[in-house]
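Working notes, structure below.
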Amino acid sequence: MKQHTVDAITAHPRYQELIRARKRFAWSLTAAILSIYYGFIFVVAFWPDWLAVPVAEGWTMTVGIPVGILVISSAFILTGVYVARANGQFDRLTKEIQEDFE
Amino acid sequence: MTRLAVWGVLAILLVPFGLAAAPALSGTVVQSGVNTTAIMMFMVFVTATLGITYWASKRTRTASDFYTAGGGISGRKNGLAIAGDYMSAASFLGISGLVFASGYDGLIYSIGFLVGWPVIMFLIAEQIRNLGKYTFSDVTSYRFGQTQIRTMAAISSLVVVAFYLIAQMVGAGKLIQLLFGLDYWMAVVSVGVLMMTYVIFGGMTATTWVQIIKAVLLLSGATFMAVAALAAFNFSPEEMFRQAVEVSPKGDAIMGPGSLLNDPINAISLGLALMFGTAGLPHILMRFFTVPNAKEARKSVFYATGFIGYFYILTFIIGFAAIVLLAQNPQFFKPEALAADGTVLKDQLISGLAGGTNMVAINLAEAVGGNLFLGFISAVAFATILAVVAGLTLAGASAISHDLYANVIARGHSNEATEIRVSRIATLVLGLVAIGLGIAFESQNVAFMVGLAFAIAASANFPVLVASIFWGKMTTRGAMIGGFAGLVSAVGLTILSKAVWGDVLGFTAINEEGVAVPVGLIPLDNPAIISIPIAFFCIWFFSVFDKSERAKTDRAAYFAQRIRCETGIGAEGAANH
């Protein structure tokens with residue numbers, strides 16, 4: 001890539017919009033999955049009894065079971081959330097930049 | 001020639017099965033005996049995959065065909081192939097066994113293997129698709145000194161592949177010995193020969209299809225097993241948990257976090273290794289070059305995360321249901337685990353299982369689906385191993401041919417035909433080494449090896465990959481030193497840990513009861529909590545204080561790299577077929 005193309009794309013408002021939006025979104029979602037997982041691991045490590053409480057009086061199933069399933073589901077849901085926005089907004093911006101420079 | 005080779009392999013593979021079948025027919029019991037149904041089903045799988053390999057070999061002409069199946073795999077197919085590459089026999093049999101023995105701890109453990117996937121989605125998948133071509137070293141060396149960074153990345157890839165491969169080969173040998181009644185060495189040789197055939201003749205195309213078929217078989221087999229097991233409890237999970245607590249020697253302790261992760265530092269360290277290790281496994285990263293663009297790369301992760309998460313929920317159900325259902329089947333237990341009336345002694349439920357807790361899922365298959373389903377699940381377990389080792393071998397061979405040979409030794413001046421030939425030779429050599437080490441490590445304790453592979457991937461590959469994508473100030477020197485620091489510290493700390501220092505090297509200490517027990521020099525089981533920060537610190541420190549000429553070019557090239565990374569302008573396209 002020629003230096004003037006690099007400079008032109010870097011200065012392009014759509015490109016600026018894309019990298020700013022993606023950066024904020026991707027790192028927020030990363031922070032979300034890290035908080036969910038390490039939140040879970042911290043409870044396991046420091047307050048394991050919280051997860052061993054039955055979901056309701058007289059039940060054998062503990063709170064830990066739905067919590068575990070929720071952590072698994074959240075991983076899938078968060079990837080879905082990313083795909084939904086990336087397929088829409090990010091791909092549209094990318095296409096506009098590509099059209100201007102390719 | 002290819003057709004002949006494929007039939008030759010089939011013939012070679014049939015021989016050990018034939019030999020092994022003879023003694024069982026004359027009445028000698030070889031562990032669980034030779035399982036004819038399993039062998040028949042497995043032969044169907046082998047014949048089908050060799051047919052695919054033959055077809056794939058005709059389409060494998062260019063380097064792009066060999067490394068990335070031409071780059072034309074759709075996101076959904078690639079998602080299945082990733083799941084097939086990642087869901088190893090160790091996670092299927094190991095985690096269901098862990099749930100059987102420890103209950104809830106098994107779920108905690110499996111979650112660790114899943115949460116790396118969102119990280120790959122947000123930070124890695126599209127980026128490496130846009131920046132790379134065949135291997136993840138294409139990305140980490142994009143704007144840096146090719147020779148140094150590729151050498152470093154190839155070494156860490158090969159170390160990860162080697163440990164992962166040895167663990168898989170030893171596990172495969174033992175499992176197949178148990179399931180099919182084959183001798184250990186025959187099992188290892190069969191796995192090795194098949195994986196070499198897939199990769200050498202069919203390259204990434206054959207490997208991808210083996211992984212897709214295996215994923216479909218494993219997911220449908222596990223689904224059937226979980227549904228059939230739940231049916232025994234009238235589809236009430238609560239009923240299943242209630243009976244499991246009654247039957248298990250650990251009682252209601254199986255319903256919450258147990259002793260497996262009672263040490264906070266070790267729990268967090270393991271979590272780090274699993275999460276970021278997934279995002280640094282060379283055979284997984286390589287799969288993102290098989291899709292045509294960034295959009296398909298992100299779709300692959302979405303599908304893969306769904307399949308893998310669903311699979312871990314199934315293994316959890318399988319493990320819990322097995323507590324109750326296996327206890328009703330004394331035939332799965334050693335004679336000494338049974339009471340006078342032939343029922344299973346409660347305190348022998350875990351330790352008395354014939355073949356160990358790795359056999360939980362296999363035994364449950366027989367309990368819920370009879371001999372036919374047992375045969376199916378055994379064949380699926382074998383197929384599972386093949387799909388994983390084929391992916392690993394291809395990644396290892398690519399590190400040798402694409403990184404070390406084409407870009408370091410030939411300095412980018414090799415031609416494609418030679419590069420493919422080098423990959424095929426590398427596959428052959430890796431396959432032979434894997435067979436040799438698989439046999440050599442038969443009676444060694446290899447439990448630490450998968451953990452170590454994840455720890456190295458998390459400490460050497462992941463930090464360099466993330467920094468090369470997101471941190472414009474990283475330099476060749478910083479990446480080199482950071483990568484090696486992660487590699488050396490991960491390996492070094494593992495050697496000092498109990499798993500190697502005590503269990504493998506045999507160092508012991510006398511405990512309070514006066515008994516000699518294996519010990520480590522450090523109390524850490526997994527090095528990630530120290531080795532990942534060491535890698536990131538070295539990357540930062542040696543980049544920031546790098547005043548060399550090279551550092552200036554490295555930093556200046558970031559803007560162009562970032563444009564390609566974000567927009568895909570200039571990225572490698574799919575080959576036209």
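The values are calculated or read from the model by the stated rules, or taken from the named source; none is laboratory data. Keep in mind it's a predicted model, so treat the numbers as computed, not measured. Quick reminder, even Gly has a Cβ in these numbers, built from the backbone with ideal geometry, and neighbours come from all protein chains shown.
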Members of the stretch A:44-89 that are more than 9 Å from chain B (Cβ to nearest Cβ) and either assigned to a helix (DSSP H, G or I) or in contact with a Lys or Arg (Cβ under 6 Å, 6 or more places away or on another chain) (or both): A:P66, A:V67, A:L70, A:I77, A:V81, A:A84, A:R85, A:G88, A:Q89
Among all residue pairs at least 6 apart or on different chains, which show Cβ distances below 8 Å where the first residue, located in the stretch B:545-568, is polar (S, T, N, Q) and the second is outside any loop (DSSP other than H, G, I, E, B) and surrounded by 16 or more Cβ atoms within 10 Å (Cβ to Cβ)? B:S548/B:R477; B:Q561/B:L131; B:T567/A:I9; B:T567/A:Y15; B:T567/A:L18; B:T567/A:T94; B:T567/A:I97; B:T567/B:N130
Out of the residues in the stretch B:45-89 that are among the polar types (S, T, N, Q) and not in a helix (DSSP H, G or I), state the one that is nearest to B:A215 (Cα to Cα). B:S88
Would you tally the residues in the stretch B:273-296 being under 14 Å from B:F462 (Cβ atoms) and either within 9 Å of chain A (Cβ to nearest Cβ) or outside any helix (DSSP H, G or I) (or both)? 4
Just to be sure before I move on: is B:D341 over 23 Å from B:A232 (Cα atoms), modelled with pLDDT under 90 and not in a helix (DSSP H, G or I) in the structure I sent? yes
Which numbered condition B:I124 misses (of (1) within 23 Å of B:V170 (Cβ to Cβ); (2) crowded, with 24+ Cβ neighbours inside 10 Å; (3) not polar (S, T, N, Q)): (1)
Filter result for B:A367 (under 22 Å from the mean Cα position of the chain (by Cα) and assigned to a helix (DSSP H, G or I)): no
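Every residue, every condition in (1) farther than 25 Å from B:A125 by Cβ; (2) surrounded by fewer than 16 Cβ atoms within 10 Å (Cβ to Cβ); (3) within 12 Å of another protein chain (Cβ to nearest Cβ), yes or no:
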position	(1), (2), (3)
B:A516	yes, yes, no
B:V519	yes, no, no
B:F536	no, no, no
B:F545	yes, yes, no
B:R550	yes, yes, no
B:I563	no, no, yes
B:G568	no, no, yes
B:E572	no, no, no
Pairing a residue in the stretch B:481-495 that is more than 13 Å from B:F536 (Cβ to Cβ) and without any contact (Cβ under 8 Å) to a residue 40 or more places away in the chain with any residue that is outside any helix (DSSP H, G or I) and among the β-branched types (V, I, T), where Cβ atoms lie under 7 Å and the two sit 6 or more apart in sequence or on different chains, gives B:L493/B:I522
In the stretch B:155-174, is there at least one residue being within 14 Å of chain A (Cβ to nearest Cβ) and in contact (Cβ under 8 Å) with a residue 60 or more places away in the chain? no
Show the residue pairs meeting these rules: Cβ distance below 8 Å; 6+ apart or different chains; first residue within the stretch A:75-92 and within 19 Å of B:G116 (Cα to Cα); second residue among the aliphatic types (A, V, I, L, M) and not in a helix (DSSP H, G or I). A:A75/B:V115
